[in-house]
Amino acid sequence: MIQVKNLYVDLGDFQLQDINLTVDEGEYFIVLGPTGAGKTVLLESIAGLYPVKSGQIWLRGKEVTSLEPEKRNISIVYQDHVLFPHLSAAENILFGLKIHRRPKQELVKVLDWLSDLLGIAHIMDRSPDTLSGGERQKVALARALSTKPEVLLLDEPLSALDPETREGVQKELRQLHNQLKVTTIHVTHDFEEAIALGDHIAVLGEGCIKQVGTPEQIFHQPNSEFVAHFAMARNIFTGEVVERDDGSTVFRTEDTELEVVTDLRGKLHASVRPEDILISPEPLRSTARNSFCGTITHIADRGSTLYLTVNLPPDFICLVTRRSCEEMRLTKGQKVYITFKASAVHIF
Amino acid sequence: MVKKWFATNNMTITFILLGGIIFLFIIVPLLKMIVASDPKILLDTALDSEVINSIGLTLYAALIATVIGFLLGVPLAYLLARFDFPGKNLVEGLIDVPIVVPHIAAGIALLFVFGRSSLAGKAFNLIGIDFFDSIAGIVIAMLFVSIPFMIDSAKEGFKKVDVRLEKVSRTLGASPWQAFFKISIPLAWRSIVAGGVMMWARGISEFAAVIILAYHPMVASTLIYERFETYGLDYARPAAVLLILVCLISFIVLRLLLYRGQKT
């Protein structure tokens, strides 16, 4: 278990203050915050790599606030992986164990274990600059896990990867965690990533923690405008991907069924971007597979664009320009049809 | 990346002409001196023990200066690359002063500090080191005028090492010393060695600061100067040619070693 108590960190331009976090043993904890919110610095403070002005960090019942990083046994994986460029993949992974002067048999054992676990046995002799983004990430993960850390810190581990790789790696991170149960703190700016991976989520913004809760609490009961802003402008639903008798794949929620395109099955999340939803007064004849009738319950003015809340149920947030809203004379309480393609539904 | 080595347009041609002039200006005097030398006289000079000793002394003293520069300059370079502190710009500016001051003045300043009547001179005398007319004097003169090359080059090398590489190594259990020797030094090594080569070269070529502190034993430049003053150009030239050849060969070899394997 790791606890951060009243942490205060000075970043020059702004401060992180009153940071309080409790991450339970074996938990996958997400810190969600916009770019530039000081997420990386928070991780570095926890690892002992960035000076703390005041406050405390407790690790398994011991205070480690002023302990040197090499004595904490907390590993970090940076966004761009930061592999040692002068060492091969295997040498990168074994760096920590060599520093600790572990016996040769143990080095071999750990290397075998990690290369099996992450499926990277074939790249062990390669130099980091010849590896792909996904491979580099796995090497960085293996390096971080090699010392059997008490806490694993992940700094935006998915954002340096291309979208196709990202989905796979996200799944692997989850599986890896289920398997190893290493207490993990993962920082990200991506709401969907947070929902998909986190046991608990802390929303970081404006220098402090805005809310801590389960993914459901964060996106169903945001406690502030700031948190709501993260959850809003996104249509996120919990449900299950199933195959219908007619062969089509649908995402089934409590209230509705969305046609989707995915190979994933089971209890998952779905999101539809507000800008991917078309609004019309009559049903549209189109190739889009999803079309529903609902009532406009809320209109949020954002200047040249407007966010409409359309209740089917559930609520869908839709983005329209001011001009089309005026031309179509959309008003609160009006019945409209919303339409979007099956491929516009992102399953995660 | 392969670039076309020749592109014909007005600008490139003009630049080739201008560049050619300055390149010839560098290369012609050196080549002419080497080519115009009578091989027999050159051979005689090469066998002249006075010449051999002075060239040997020059290379040796410059090497000692470089080793001292490495031991004292690399830590400073690391500090400058990693930390910001008030007055850092001033410190960096002062480090480069030895490059810009006239070296004869540098020699006098050094004599003032390390001479026999000075405090430092007396202190070093107690441990048997005398800077006047001695190898130690040659070494500190060379050290003074050439240390900026080591510090600047190593500093640039360390700056290019992502500080997070050191941070990651710390989380994996490395002490600050281990992080320095296993991460920072290997990654900055090429810059440090390049700085060392420059420093050594600068040391070998130093004359003015050296003669103020130590006219004897004679470094190669002093010997060439003395022969020129006493006997004239013809007598001084073979020794000069020999020094140039020794330097050229050393630097070509060092450069090859330094850049070997870099083209990947």
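The values are calculated or read from the model by the stated rules, or taken from the named source; none is laboratory data. On a predicted model such as this, the values are computed, not experimentally measured, just so you know. Every residue, glycine as well, gets a Cβ built from its backbone with ideal geometry; the counts of neighbours run over all protein chains shown. Ligands, DNA and RNA are excluded from the accessible area calculation, which covers all protein heavy atoms including side chains. Shrake-Rupley method; radii C 1.70, N 1.55, O 1.52, S 1.80 Å.
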- prompt: How many residues are more than 15 Å from the chain's Cα centre (by Cα) and either closer than 22 Å to A:Asp155 by Cα or of a type in the set (D, E, K, R) (or both) if we restrict to the range A:204-226?
  reply: 9
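Within the range B:167-264, which helices (runs of 4 or more DSSP H) (wholly inside it) include 2 or more residues that are at pLDDT below 90 and of a type in the set (Phe, Trp, Tyr)?
Details: elements: B:176-179, B:185-205, B:208-213, B:220-231, B:233-259.
Because the criterion is at least 2 residues that are at pLDDT below 90 and of a type in the set (Phe, Trp, Tyr), the helices (runs of 4 or more DSSP H) in the range B:167-264 that meet it are B:233-259.
If we keep just the residues of the range A:65-102 that are at positive phi and open to solvent by 20 Å² or more (accessible area, probe 1.4 Å), which is farthest from the other protein chains (Cβ to nearest Cβ)? Walk me through how you get there before you give the answer.
Looking only at the range A:65-102, we keep the residues that are at positive phi, and these are A:73, A:81-82, A:101.
Going one step further and asking which of them are open to solvent by 20 Å² or more (accessible area, probe 1.4 Å), we end up with A:73, A:101.
Details: A:Asn73: 8, A:Arg101: 10 Å.
Restricting to residues being at positive phi and open to solvent by 20 Å² or more (accessible area, probe 1.4 Å), the top hit is A:Arg101.
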- prompt: Quick one: would you say B:Met1 is modelled with pLDDT under 95, in a helix (DSSP H, G or I) and outside the structural domain of B:Asp96 (by TED's automatic domain parsing)?
  reply: no
field: Which numbered condition A:Ile46 misses (of (1) open to solvent by 40 Å² or more (accessible area, probe 1.4 Å); (2) under 17 Å from A:Ala202 (Cβ atoms); (3) more than 10 Å from chain B (Cβ to nearest Cβ))
entry: (1)
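Could you say which residue among B:Leu90, B:Leu80, B:Leu94, B:Leu71 is surrounded by 14 or more Cβ atoms within 10 Å (Cβ to Cβ) and assigned by TED's automatic domain parsing to the domain that holds B:Ser250?
So the residue among B:Leu90, B:Leu80, B:Leu94, B:Leu71 that is surrounded by 14 or more Cβ atoms within 10 Å (Cβ to Cβ) and assigned by TED's automatic domain parsing to the domain that holds B:Ser250 is B:Leu80.
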- prompt: A:Gln105 versus (1) within 10 Å of chain B (Cβ to nearest Cβ); (2) open to solvent by 50 Å² or more (accessible area, probe 1.4 Å): which is the lone unmet condition?
  reply: (1)
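Consider A:Arg234 carefully, then state whether it is out of contact with any helix residue (DSSP H, G or I) (no Cβ under 7 Å at 6 or more places or on another chain), more than 26 Å from A:Thr22 (Cα to Cα) and not aromatic (Phe, Trp, Tyr). Walk me through how you get there before you give the answer.
Numbers: out of contact with any helix residue (DSSP H, G or I) (no Cβ under 7 Å at 6 or more places or on another chain): no; more than 26 Å from A:Thr22 (Cα to Cα): yes; not aromatic (Phe, Trp, Tyr): yes.
So A:Arg234 does not fit the description; no.
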task: State which residue is most open to solvent (accessible area, probe 1.4 Å) when the search covers only the range A:139-197 and only residues that are of a type in the set (Val, Ile, Thr) and assigned to a helix (DSSP H, G or I).
output: A:Thr165
statement: Counted residues in the range B:105-140 being within 21 Å of the chain's Cα centre (by Cα), surrounded by 13 or more Cβ atoms within 10 Å (Cβ to Cβ) and not in a loop (DSSP other than H, G, I, E, B) come to 12
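Mind counting the residues in the range A:313-348 that are aromatic (Phe, Trp, Tyr) and without any contact (Cβ under 8 Å) to a residue 60 or more places away in the chain?
Going residue by residue through the range A:313-348, those that are aromatic (Phe, Trp, Tyr) are A:316, A:337, A:340, A:348.
After this cut, where a residue has to be without any contact (Cβ under 8 Å) to a residue 60 or more places away in the chain as well, the list is A:337.
Of the residues in the range A:313-348, 1 are aromatic (Phe, Trp, Tyr) and without any contact (Cβ under 8 Å) to a residue 60 or more places away in the chain.
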Neighbours by Cβ (under 7 Å, 6+ apart or cross-chain): first from the range B:169-181, within 8 Å of chain A (Cβ to nearest Cβ); second of a type in the set (Phe, Trp, Tyr): B:Ser169/A:Phe95; B:Leu172/A:Phe95
- prompt: When only residues in the range B:154-165 that are assigned to a helix (DSSP H, G or I) and facing another protein chain (nearest Cβ under 9 Å) count, which is farthest from A:His86 (Cα to Cα)?
  reply: B:Arg164
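Every residue, every condition in (1) touching a residue at least 12 places away in the same chain (Cβ under 8 Å); (2) not hydrophobic (A, V, I, L, M, F, W, C), yes or no:
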position: B:Leu18; (1), (2): no, no
position: B:Ile22; (1), (2): no, no
position: B:Val51; (1), (2): yes, no
position: B:Ala62; (1), (2): yes, no
position: B:Gly69; (1), (2): yes, yes
position: B:Leu80; (1), (2): yes, no
position: B:Gly87; (1), (2): no, yes
position: B:Glu92; (1), (2): yes, yes
